[in-house]
Amino acid sequence: MRTNLLTLTSVSFLLTAAFGWHSPNIELKAPPNLFATNSLVQSPSITEPGYNHNTFRTGDALPTMIPLSNPPLLLLQSCSPIISRQECKLLSEYFEQQQPDFISCNHHILDNDQVKHAENILRNVRHVIDKLTNCPSHIDEMQVPRYVRYDAKLTSLDMFHSPDFANVILPDGLHVDTNNGKLFRHVTAILYLTDNQDGFAGDYETIVAGGGTSFPLAVPFGKLGDNTFNAAASKLLSRGIHHTKGDGDQCMDSDGRQLEKMSLDMYYRDLELSLGAPVVSDYQKMPERGMRVMPSAGKVIYFHSVGDDGTPDPTSFHGGEELAVISNQLEFDQNTLQHKSILVFFKEIPVGKILDFDSFAREVRTAREWTVNEYYS
């Protein structure tokens, strides 16, 4: 049974943890403010002193990509933003306006000049991603990136300590990007449009956590990995299952549930480091495995989802975390909470280059070799 260390009467414990006690060798992080009136996702005005308009233009030097994980998973992150926070906000508004459930009275409506500016930013972003990945855009792949928004969800402390919390923080489970029959997808780039991090809310009585991109099988760059953790992922793929929710076995020992449990353990581990205090007592601590990439507005990550042999890479199972507001308060005004927004770019091998499986594998191998030589050497 999971031991509750954050209980209904734990406010005094949280205050002690926040202001006085913390685990040895764990630095207590400053808490983010949960509310949008003074939140991390608030964009600075373009007229503010010191505002850094750091969009990359055609011809500019590209940002350095930093390896985050060891092979076989090739996962990298830009060392600096490729667009400004103000432009992230504009892109979010541009894509929000195109959503089927968009209600004009609840949102700012972009004028024609703003729409054109957003489209120019998007073209520039695609150009930068093409260069960073060495995968030029072509007609066979998605022409418009996928926009995904995650709104914060209120979660009780009891649910936070329940094994079912995995379904709250990762409701869509984990997947490889070859799912849904998209077998030619070999590289995925994600542009973060918001800033999100784990921590206490301003009152220290509420925790806001989640929003990361979870890679439970990633081995941090420079660390030694243990391939035994890859077995569940490999078995899923061998059964033709590219999504953990495709594993209908609800037993905790099933392959799909094992991968989700790895992500939950990693989530608890990182949250404990952020808070400087233990959160649950019985999660499995594996410090050398698993990575959560936390959103930083304007930064881009990319990773390869197909291995050198042309088959889906089991270590590329990943999932987008929800934003969880962990509190026993009954309700919050949804409009005051942080959200998370991303743009996802899928890169595919052009159909004209695929004569058979061997030719596909050769193209994938060439792309992976370029990434290794460019950024890992």
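The values are calculated or read from the model by the stated rules, or taken from the named source; none is laboratory data. Model, not experiment: these values are computed from the prediction. Here Cβ is always computed from backbone atoms with ideal geometry, including for glycine, and neighbour counts include all displayed protein chains. Heads up: the accessible areas ignore ligands, DNA and RNA and are worked out on the full protein's heavy atoms, side chains in. Shrake-Rupley method; radii C 1.70, N 1.55, O 1.52, S 1.80 Å.
Here the stretch 226-255 is the region considered, the condition is being assigned to a helix (DSSP H, G or I) and modelled with pLDDT under 90, and the residue that is surrounded by the most Cβ atoms within 10 Å (Cβ to Cβ) is Phe229. Among the candidates Ala189, Ala166, the residue that is among the small types (Gly, Ala, Ser), farther than 24 Å from Asp309 by Cβ and either within 21 Å of the chain's Cα centre (by Cα) or surrounded by fewer than 18 Cβ atoms within 10 Å (Cβ to Cβ) (or both) is uniquely Ala166. At least 3 residues being more than 27 Å from Val364 (Cβ to Cβ) and in contact with a Leu (Cβ under 6 Å, 6 or more places away or on another chain) is the threshold, and among the strands (runs of 3 or more DSSP E) wholly inside the stretch 138-225 those reaching it are 207-210. With respect to being surrounded by fewer than 22 Cβ atoms within 10 Å (Cβ to Cβ) and either under 19 Å from the mean Cα position of the chain (by Cα) or modelled with pLDDT under 95 (or both), His339 fits the description.
If I filter the stretch 259-274 for residues that are open to solvent by 10 Å² or more (accessible area, probe 1.4 Å), over 30 Å from Ala201 (Cβ atoms), modelled with pLDDT of 90 or more and not charged (D, E, K, R), do I get at least one hit? Checked against the condition, which is being open to solvent by 10 Å² or more (accessible area, probe 1.4 Å), over 30 Å from Ala201 (Cβ atoms), modelled with pLDDT of 90 or more and not charged (D, E, K, R), the stretch 259-274 yields no hits at all.
Filter the stretch 79-99 down to residues that are in contact with a Ser or Thr (Cβ under 6 Å, 6 or more places away or on another chain), within 15 Å of His117 (Cα to Cα) and open to solvent by 40 Å² or more (accessible area, probe 1.4 Å), then give me how many there are. Summing the residues that are in contact with a Ser or Thr (Cβ under 6 Å, 6 or more places away or on another chain), within 15 Å of His117 (Cα to Cα) and open to solvent by 40 Å² or more (accessible area, probe 1.4 Å) in the stretch 79-99 gives 3. Note on the stretch 294-315: residues that are surrounded by fewer than 21 Cβ atoms within 10 Å (Cβ to Cβ) and touching a residue at least 60 places away in the same chain (Cβ under 8 Å) total 4.
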